[in-house]
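**Q** Take a look at this one; I'll ask things after.
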Amino acid sequence: MIFFICVCCTVFINTLKRKVKRSLLLVLSAILVVNIPVLSGCTKQSEKPSSEASEISAKSVITTTTPPSSSAQEPDSTATTSDTAPSEVNMAIEFIDPYIDLAISMIDADRRELSDVTFNYEPKLLYDGLSREEKAMYDEILTNVQELKSFSYTAEQDGYDVMNMAMYASDAVVKDYPEFEIYFTIHEVVEENMTTALESLYFMPWDSEQRPADSVELRKELLHFDDVCTRIVERMPDDYSAYDKYRYLALVISYVTSYDHEGAGGWQNGTAYGSIVGGYSICQGYSRGFMYLCQKANLWCETVDGVGGDNFAHMWNIVKLDSGTYHVDITWSEETGSPGSREWDSYFMLTQDEILVDHEITDGKVATGTAIN
């Protein structure tokens, strides 16, 4: 079987090297390119419960309260729907429960009692490596984004050093809180080929044109996303082994998401929103969605950057059991077979030697576990 692997990459760009007006425009353009996943022609074979259930309407905004905030020192992985109207929560439940039921049914028919120990999610924040001034700006931007407040920095009023720092700090905020990338970006104001200002831009997650969003409608959509993620985690059976907890989350994503051959999901196919709610994803979206659910479930997980197949850039995950760490490639699992099948399992919980048969790791991640499949 020929694998056509999705192209995805994530690069962190340091822009504080010099004070140059035109360089800011180039740096911002580079960050934009890095964070827009490039769609490849990977084939897709997994079956979905129904075509209606696998797609989400662009009109599915359902709640009105603000999203939960978290401290600058540690992302908040605890979701709440206490402020959400029952009917709105029911809409999230109606959307995601059929996929959850399939995942639970699949695992209950074939329990894998591997690893009784679960390891907590360990955030690795860029915040910790910032200077005092950068942290202060990071905190300011973080608060504004959490509250959907508009903000800007101008060359005339703030100067280019401050603008460079703001761009650097905002990029760190989005890296530390990946859920922000589904609705927030820094927009550059360009006059006569020069960047004269940086402005916050909040947009609806499903809007490929990233037009300014109505804050009420945006809060509804963000809470819908949070309700869906919370429901997935809440329904994960407590008596599952660590192996099956990871398998449960991976199966839900496999059932709810289709590989985005035609770019139907827009740029969001590389985000957690695309793989969990949007219904379309590429490898970057699969891996980010899986890591986001692991974070909310407090399960140890990281992404892995590498190369797969015909030398295409690729992304997948690494997780931890009491026997060591293992690679999980949901994108290739789906390409190989339907969710839960032996073929699907062939790229779930792989050792370092097993993954290196047809993958190359470029970020230095190493799986330490021994073969268990």
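**Q** If we scan segment 347-354, do we find a residue that is outside any loop (DSSP other than H, G, I, E, B), of a type in the set (S, T, N, Q), surrounded by fewer than 22 Cβ atoms within 10 Å (Cβ to Cβ) and touching a strand residue (DSSP E or B) at 6+ places or on another chain (Cβ under 9 Å)?
**A** Yes: one or more hits.
**Q** Regarding F225, is this residue surrounded by 19 or more Cβ atoms within 10 Å (Cβ to Cβ), under 19 Å from P98 (Cα atoms) and within 16 Å of the chain's Cα centre (by Cα)?
**A** The answer is yes for F225.
**Q** Could you run through segment 304-323 and say how many residues are closer than 20 Å to G270 by Cα, in contact (Cβ under 8 Å) with a residue 60 or more places away in the chain, of a type outside the set (A, V, I, L, M, F, W, C) and not in a loop (DSSP other than H, G, I, E, B)?
**A** Final tally of qualifying residues: 3.
**Q** Moving on. Out of all the residues in segment 336-373, which are among the β-branched types (V, I, T), modelled with pLDDT of 95 or more and within 26 Å of Y255 (Cα to Cα)?
**A** T351, I355, listed by residue number.
**Q** Could you look through segment 276-290, keep only residues that are farther than 14 Å from C301 by Cβ and either part of a helix (DSSP H, G or I) or modelled with pLDDT of 95 or more (or both), and pick out the one that is nearest to the chain's Cα centre (by Cα)?
**A** If we take residues in segment 276-290 being farther than 14 Å from C301 by Cβ and either part of a helix (DSSP H, G or I) or modelled with pLDDT of 95 or more (or both), then G285 is nearest to the chain's Cα centre (by Cα).
**Q** Being surrounded by 24 or more Cβ atoms within 10 Å (Cβ to Cβ) and over 30 Å from N144 (Cβ atoms) is true for just one of R235, R288, R247. Which residue is that?
**A** One residue alone meets the criteria, R247.
**Q** Could you check R132 against (1) in contact with a helix residue (DSSP H, G or I) (Cβ under 9 Å, 6 or more places away or on another chain); (2) closer than 25 Å to Y177 by Cβ and say which number it fails?
**A** Among (1) in contact with a helix residue (DSSP H, G or I) (Cβ under 9 Å, 6 or more places away or on another chain); (2) closer than 25 Å to Y177 by Cβ, R132 violates only (1).
**Q** So A264 ticks every box in (1) within 20 Å of E221 (Cβ to Cβ); (2) not in a loop (DSSP other than H, G, I, E, B) but one. Which box is left unticked?
**A** Of (1) within 20 Å of E221 (Cβ to Cβ); (2) not in a loop (DSSP other than H, G, I, E, B), only one is false for A264: (2).
**Q** Read through the list (1) in a helix (DSSP H, G or I); (2) modelled with pLDDT of 95 or more; (3) crowded, with 21+ Cβ neighbours inside 10 Å, then give the number of the only condition that E217 fails.
**A** Just one mismatch for E217, condition (3).
**Q** Follow-up question, since we're still on this one. Which one is surrounded by the fewest Cβ atoms within 10 Å (Cβ to Cβ) among residues in segment 190-214 that are free of Cβ contacts under 8 Å to residues at least 24 places away in the same chain and assigned to a strand (DSSP E or B)?
**A** E191
**Q** Also: Going by the conditions given, is L114 at positive phi and part of a loop (DSSP other than H, G, I, E, B)?
**A** no
The values are calculated or read from the model by the stated rules, or taken from the named source; none is laboratory data. Everything quoted here is computed from the prediction, not taken from an experiment. As a convention, Cβ positions derive from the backbone with ideal geometry for all residues, glycine included, and neighbour counts pool all protein chains shown.
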